[in-house]
Amino acid sequence: MTDLVASARARFTELFGHAPEGVWSAPGRVNLIGEHTDYNDGFVFPFAIDRRTVGALALRDDRRIRVTSSFADEVLETSIADLGPGAAAGWQNYPLGVAWALGQLGADLEAVPGFDLYLDSAVPVGAGLSSSAAIESAVAIALNDVWRLDLDLKTLVKAGHIAENEVVGAPTGILDQSASLLGRADSGIFIDCRTLETDVIPLGFDEAGLEVLVMDTKVHHEHATGGYAARRASCEAGAKTLGVESLREVTVADLPRAREVLDGETFRRVRHVVTENQRVLDTVRTLREQGPRAIGDLMDASHRSLRDDFEVSVPQLDLAVEISQNYGAIGARMTGGGFGGSAIALVPHELVSQVEASVDAAFAEHGYAQPDLFAVVPSAGAHRNE
């Protein structure tokens, strides 16, 4: 992490001809359990990971904004007056969207100065680890500092969420930004997406002799298009038919009635959300009462539900989950919105090499691209580094 901060500072100075005022960073996230429940006002349980995005930033003495990154050659130039939906295309929508969203949440965009920004990241793009929220959160916490907004972290979560929904155009919930901004070391963040209440839950993976292995399938996804929006629309249609404001109000006991009034596909979508909400609650309770070695069956059940009821898995994710389960994982599931990205496996320390070798071999046998396999550690959320 020190190297990433130092290189961002150096590259900023090289590109803009002056030193940054500071460097801020925010992590990607792994969602331990609770997928596609956030935009249904449900429960989620992510944790921040030890792969981060860094932003080097300095204020200007005018209203101009200049933004660039390690993953783009060009420097985008715009002004505060031009911020908003449609102001940019591509990855620049994430940082610029956050600047505009802060104005929707109380920042006086008529009074604040412009800024220069350089971004670099160790969070894999398209892997389902929320590289986008890491960008949004790093920029949110940086602008909160330099613009002296004094907004709390939950308001910064809202800024990232507004940017994602209204500027980027991805119909996601608050899960990713919450994990990135509120994360704590060795802990998960249990989030009630209706009330926005959070609770820090100790995970104790290392103490229990476990590692979280990320298996990036290299199948990239894009939430702003395609199946993600269709799944959200299906959930909303199911709630409307059931006469509830959101699927949060539907319990497992209500599913027999839901089966009678919903078409088959919509019922499966609803069943996933309802049972996934219960699995989140059961996971938090099990961690508290029995520890992390007891949550594997809940992870496995979550993957089956995402594969069969919500239909957001892909063959590569299914293979990674199956092979890791067969070769020593306590539990495994896809993580993130699906249609590609990563799966995670909870693996005893001594079996990690065996699981990695087995997954690699299985992907080669099936003719799939070689996956990227690496362990992650539950880590702290967004903060200023220097």
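The values are calculated or read from the model by the stated rules, or taken from the named source; none is laboratory data. Because the structure is predicted, anything quoted here is derived from the model rather than measured. When we count neighbours, we look across all protein chains shown, and the Cβ atoms used for this are built from the backbone with ideal geometry, even at glycine. The protein model used for the area step is the full one, side chains on, heavy atoms only, and it has no ligands, DNA or RNA in it. Shrake-Rupley method; radii C 1.70, N 1.55, O 1.52, S 1.80 Å.
A few points about this structure:
- GNM top mover of ASN326, ASN93, ASN144 - the chain, alpha-carbon springs below 10 Å: ASN326
- Charge dipole (region 270-386, unit charges on Cβ, about Cα centre) - positive-most of SER358, VAL274, ILE344: VAL274
- From its DSSP helices (H runs of at least four residues, each -39,500 (n - 2.57)), the chain gives a residue-normalised ellipticity at 222 nm of -12500 deg cm²/dmol.
- Centroid-to-centroid separation of region 248-305 and region 167-191 [C-alpha atoms, Å]: 20
- Rounded percent of accessible protein surface that carbon and sulfur make up, region 110-175, 1.4 Å probe: 48
- Theoretical FRET efficiency, 1/(1+(r/R0)^6), r = Cβ-Cβ of LEU59 and ARG259, R0 45 Å, to 0.05: 0.20
- Put LEU182, LEU153 in order of accessible area, highest first, and with a 1.4 Å probe you get LEU153, LEU182.
- Annotation: extensible slack from GLN278 through ALA361 equals 26.4 nm (criterion: 0.36 nm per residue apart, minus Cα-Cα distance).
- Sequence ranges 231-241, 375-385, ranked by mean other-Cβ count within 10 angstrom, highest first: 375-385, 231-241
- Label of the coordinate-derived value, Cα extents along the principal axes in Å, listed as (1) 66, 48, 41; (2) 61, 50, 41; (3) 96, 56, 41: (2)
- Computed label-point distance, nm, for sites ALA185 and THR2 using a 7 Å Cα→Cβ extension: 1.5
- Fully extending the segment from GLU245 to ALA233 would add 3.0 nm, taking 0.36 nm per residue of separation and subtracting the current Cα-Cα distance.
- Loop-resident trypsin sites (Lys or Arg not before Pro) (DSSP state other than H, G, I, E or B) in region 126-159 with no more than 11 further Cβ atoms inside 10 Å of their Cβ: ARG148.
- Estimated FRET transfer efficiency when R0 is 25 angstrom, pair ALA111-GLU77 (beta carbons, to 0.05): 0.75
- Farthest toward positive dipole pole in the chain [+1 Lys/Arg, -1 Asp/Glu at C-beta], among GLY126, VAL219, MET334: MET334
- Think of a 1.4 Å ball rolled over the protein heavy atoms: region 1-105 then has 35 Å² of accessible area per residue.
- Distance between region 48-89 and region 204-218 - C-alpha centres, whole angstrom: 33
- Relative to the longest principal axis of the Cα atoms of the chain, the long axis of helix 2-16 lies at roughly 40 degrees.
- Each other residue within a Cβ distance under 13 Å of GLU245 adds +1 if Lys or Arg and -1 if Asp or Glu, for a net charge of 0.
- A Gaussian network model of the chain, with springs between Cα atoms under 10 Å, assigns the largest mean-square fluctuation among VAL75, VAL168, VAL321 to VAL75.
- On Cα atoms only, tilt of 315-326 relative to the major axis of the chain in degrees: 60
- 11 Å beta-carbon shell around GLY209, net charge (K/R +1, D/E -1): -3
- Each other residue within a Cβ distance under 10 Å of LEU175 adds +1 if Lys or Arg and -1 if Asp or Glu, for a net charge of -2.
- Sequence of ILE162, ILE80 from largest to smallest accessible area, 1.4 Å probe: ILE162, ILE80
- Degrees between helix 352-365 axis and first principal axis of the chain (Cα, 0 to 90, nearest 10): 90
- Among THR37, THR13, THR266, the largest mean-square fluctuation in a Gaussian network model of the chain, built with springs joining Cα atoms closer than 10 Å, belongs to THR13.
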